[in-house]
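For reference, the structure discussed in these notes is given below.
The values are calculated or read from the model by the stated rules, or taken from the named source; none is laboratory data. Note that the coordinates shown come from a computational prediction; the quantities given were computed from them, not determined experimentally. Note: ideal-geometry Cβ built from the backbone for every residue, glycine included; neighbour counts use all protein chains shown.
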Amino acid sequence: MNAPLIHRSSDKACAGWLRVFAFFHLNIAFSSIEEARRDEVIAKCYWPVLALSDKHPHIGLEASGYTLEEIAARDPAWIDAARQRIAEGRIELIGSGYSQMIGPLVPARVVAENLAHGHEVYERLLGVRPSVALVNEQAYSAGLVGHYLDAGYQAILMEWDNPSAHHPEWDPERRFLPQYAEGADGRTIALLWTDTAAFQQLQRYAHGDISLTAYTRYVRARRSLATRALCLYASDAEIFDFRPGRFRSEAALGTESEWQRIERALTAITVQPGINLIGPSHALKLIDREGAGHRMRLESATAPVPVKKQRKYNLSRWAVTGRDNTAINAACERIYRGLMEAEAGPDAWKELCYLWASDFRTHLTETRWQAYCTRLRAAEARWSPSEASSYPLPPAEAEPCTGRNINIATDQIVCRLDRRRGLAIAHARFTDRPRALLGSIPHGTFSDISLQADWYTGDCVFEAPGEPKITDLEWCEAWRWCDTDGNILVQAKIDTPKGAIEKTIRFCAGRARIEFDLRFHWADWNKGVLRLGHITVLPDAFDWSNLTLKTHNGGQNVERFDLSGQTIEHGAPVSFLVSASQGLGMTEGWAELDDGRTRLKVDVDRTTAPLLGLLTHRRSTDSHFCQLILSALELDETRKPSAYRDGPRRFRFAIESM
């Protein structure tokens, strides 16, 4: 399908001008702000945005549907004033959805519902349906493009810096002109760039950290002989004349209004020769200029879901950190399955969109956490289907395993488990393939010093700052038996310093599939990193020149990433504080490695725990190394352990030859 039709401009008189635009992100659900302070936020942060538009028309305002509903309930005069300014063209409304949801972490149906419910609120309260959308938290995936197009959006706003860091082939000048983002289904949507450094410069001036002279010098330096567009601001409104209390390092409020300083900054910029302030959608008129209108793939194998600002902002932040993100995301997934089965109505879907919002997954206060858990449990009680039953305990006739190796043979699978290493898979061959695809790789296999270690499949590793590593790679007692369907089951209990891990592995009869069911009987879930599965591909398993990874990151269509020649380390730490740098949402519950002849699929039971995929792929001097890890817990500054519910933690995943 062709790109959406954008009004084109041939205004040569403005050649060499710097077109600047700005919009303010309104999020009354801001994680660290108590609900009791929301009236204060409206008065100190949201009314000034409207006042700013009286002096500087074309200011953008982006808000979730939930934010607008909360404002309407608390201060309906604000809604009336915003509606009037939008009708007069003083403010441009930018959409996002009903809640600030991380699209690449939720199933496609939920993303579509979020956008639809957002439009319903925009039209009902503000009388307009926006044509430009901000990608929530700038967490972009190719699968989201189709959603925005289907919802009627003509363009999206996305940060330049992080995608471009993984695309060195891009011409840097493209950041100053609108382009097209190509989605997983081949369709494109017009694309405007936000600029992290630019909006942080305005923040610094407003907070008194830099002078007006320094700020205007920064903006003037972005002028060029060619016409450019620059987004001056694309971030929170709640940080001006108000402090959310998220960080200890937040500057104290000064005696001068920060909104007055912003007004002064925009005035100083717009009186500069060759600079004019326009609305965000007006910047799309530059789509036909030289250097604009390129079809671009923002995602890459190294960064499948680019996210805003510094590298600490990555997909793990909302997936497996926070207070108990793995558990609350699993609860949302269970509600989603229940809504699908019941063919639930709009109100139920709207509630799920609220429950899957990003702010409940970062710096949430204790009071709001307790209220959220109560609301989430109520939705679970109403909508969640029954959870998957556990595999049975070994029956009386179960055979105790002796010796180090446990050999398994079915019509579809030949596998060896290592009892010395907690039932790690030594090798697994699916009988429709000529060789083993996955297993353990012994120390010394690779000449590359960074790969000179023992690599396993099916193991669990927990690491906490300053503490010894905890694994299940220990001698274990194990039992094996066949169930009534002919499946072979092996079960073991591995004691660790934090408690026992129960591991059950089922080898399916008549199917090339190995299933894992893990239970962690740990009382202490403090700050740390828990990674599971470690599905290690053997060096001769695939044609490495044609290897791809396929999965979903919030979209209807499969996303495909070519791995040939790529060095990928999704699980590499960003710092001592942030343990991962990228991730795969696997929002339909699977990821697949495929070279055109051999396919290896990894399934995750998202209703038990929607694990985050972390791929490692690299060429060594004499071979290749590829491993897909399933993360249940990562570490960053949002981690504040608070259990959503008590009891053992359960994780279920499977490996299948296709």
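Points worth noting:
Condition check ((1) modelled with pLDDT of 95 or more; (2) over 29 Å from the mean Cα position of the chain (by Cα); (3) under 22 Å from ASN405 (Cβ atoms); (4) not hydrophobic (A, V, I, L, M, F, W, C)) across all residues:
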| site | (1), (2), (3), (4) |
| --- | --- |
| GLU467 | no, no, no, yes |
| THR471 | yes, no, yes, yes |
| LEU489 | yes, yes, yes, no |
| ILE514 | yes, no, yes, no |
| GLY533 | yes, no, yes, yes |
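- Selected residue [of a type outside the set (D, E, K, R), part of a helix (DSSP H, G or I), modelled with pLDDT under 95 and surrounded by fewer than 22 Cβ atoms within 10 Å (Cβ to Cβ)] from SER450, SER390: SER450
- Among the conditions (1) in contact (Cβ under 8 Å) with a residue 24 or more places away in the chain; (2) surrounded by fewer than 22 Cβ atoms within 10 Å (Cβ to Cβ), PRO178 misses just one, which is (2).
- So GLY97, is it crowded, with 18+ Cβ neighbours inside 10 Å and not in a helix (DSSP H, G or I): yes
- Pairs meeting the criteria (first residue in the range 36-48 and not assigned by TED's automatic domain parsing to the domain that holds LEU266 and among the basic types (Lys, Arg), second residue surrounded by fewer than 20 Cβ atoms within 10 Å (Cβ to Cβ) and assigned to a helix (DSSP H, G or I), beta carbons under 9 Å, at least 6 apart or on different chains) are lacking.
- Tally of residues being in contact with a Ser or Thr (Cβ under 8 Å, 6 or more places away or on another chain) and not in a strand (DSSP E or B) across the range 453-471: 3
- Listed conditions (1) outside any loop (DSSP other than H, G, I, E, B); (2) touching a Ser or Thr at 6+ places or on another chain (Cβ under 8 Å) are all met by ALA654, apart from (2).
- Residue satisfying all of: in the range 616-642; closer than 21 Å to ASP517 by Cα and hydrophobic (A, V, I, L, M, F, W, C); surrounded by the fewest Cβ atoms within 10 Å (Cβ to Cβ) among these: ILE629
- Filter pass, GLU333 being among the acidic types (Asp, Glu) and outside any helix (DSSP H, G or I): no
- Reported count of residues in the range 82-91, each being surrounded by fewer than 18 Cβ atoms within 10 Å (Cβ to Cβ) and either small (Gly, Ala, Ser) or in a loop (DSSP other than H, G, I, E, B) (or both), is 2.
- Selection status of GLY291, over 27 Å from ARG187 (Cβ atoms), among the small types (Gly, Ala, Ser) and either in contact with a Ser or Thr (Cβ under 8 Å, 6 or more places away or on another chain) or in contact (Cβ under 8 Å) with a residue 24 or more places away in the chain (or both): no
- Selection status of THR374, among the β-branched types (Val, Ile, Thr), without any contact (Cβ under 8 Å) to a residue 60 or more places away in the chain and outside the structural domain of ASN136 (by TED's automatic domain parsing): yes
- Residues of the range 591-636 satisfying the condition of being in a strand (DSSP E or B), over 19 Å from PHE653 (Cβ atoms) and among the hydrophobic types (A, V, I, L, M, F, W, C): PHE625
- Those strands (runs of 3 or more DSSP E) of the range 166-284 in which 2 or more residues are hydrophobic (A, V, I, L, M, F, W, C) occupy 188-194, 228-236, 275-277.
- Within the range 160-180, the only residue that satisfies the criterion of being in contact with a helix residue (DSSP H, G or I) (Cβ under 8 Å, 6 or more places away or on another chain) and farther than 19 Å from ARG228 by Cβ is ASN162.
- Within the range 440-469, residues that are free of Cβ contacts under 8 Å to residues at least 24 places away in the same chain reach partners that are surrounded by 13 or more Cβ atoms within 10 Å (Cβ to Cβ) and hydrophobic (A, V, I, L, M, F, W, C) with beta carbons closer than 7 Å, at six or more positions or on different chains, in the pairs HIS443/ALA453; GLN452/PHE446; LYS469/VAL461.
- Taken over the range 334-344, the criterion of being of a type outside the set (Val, Ile, Thr) and either crowded, with 24+ Cβ neighbours inside 10 Å or farther than 23 Å from ASP359 by Cα (or both) is satisfied by TYR336, GLY338, MET340, GLU341, ALA342, GLU343, ALA344.
- When the range 433-452 is limited to residues that are charged (D, E, K, R) and touching a Ser or Thr at 6+ places or on another chain (Cβ under 7 Å), the one that is farthest from LEU530 (Cα to Cα) turns out to be ARG433.
- Checking each residue in the range 341-353 for being in a helix (DSSP H, G or I) and out of contact with any strand residue (DSSP E or B) (no Cβ under 9 Å at 6 or more places or on another chain) picks out GLU341, ALA342, PRO346, ASP347, ALA348, TRP349, LYS350, GLU351, LEU352.
- Restricting the range 138-165 to residues that are over 22 Å from SER235 (Cβ atoms), among the aliphatic types (A, V, I, L, M) and part of a loop (DSSP other than H, G, I, E, B), the residue that is farthest from the chain's Cα centre (by Cα): ALA151
- Single match in ALA116, ALA133 (criterion: out of contact with any Asp or Glu (no Cβ under 8 Å at 6 or more places or on another chain), among the hydrophobic types (A, V, I, L, M, F, W, C) and part of a strand (DSSP E or B)): ALA133
- In the set ALA237, ALA251, ALA229, only one residue is assigned by TED's automatic domain parsing to the domain that holds ALA63, farther than 17 Å from TRP17 by Cα and in contact with a strand residue (DSSP E or B) (Cβ under 7 Å, 6 or more places away or on another chain); that residue is ALA237.
- Filtered residues of the range 356-369 (kept if under 24 Å from the mean Cα position of the chain (by Cα) and either surrounded by fewer than 20 Cβ atoms within 10 Å (Cβ to Cβ) or over 19 Å from THR321 (Cβ atoms) (or both)): HIS363, THR365, GLU366, ARG368, TRP369
- Any hit, the range 619-632, residues being out of contact with any strand residue (DSSP E or B) (no Cβ under 9 Å at 6 or more places or on another chain), basic (Lys, Arg) and modelled with pLDDT under 95: no
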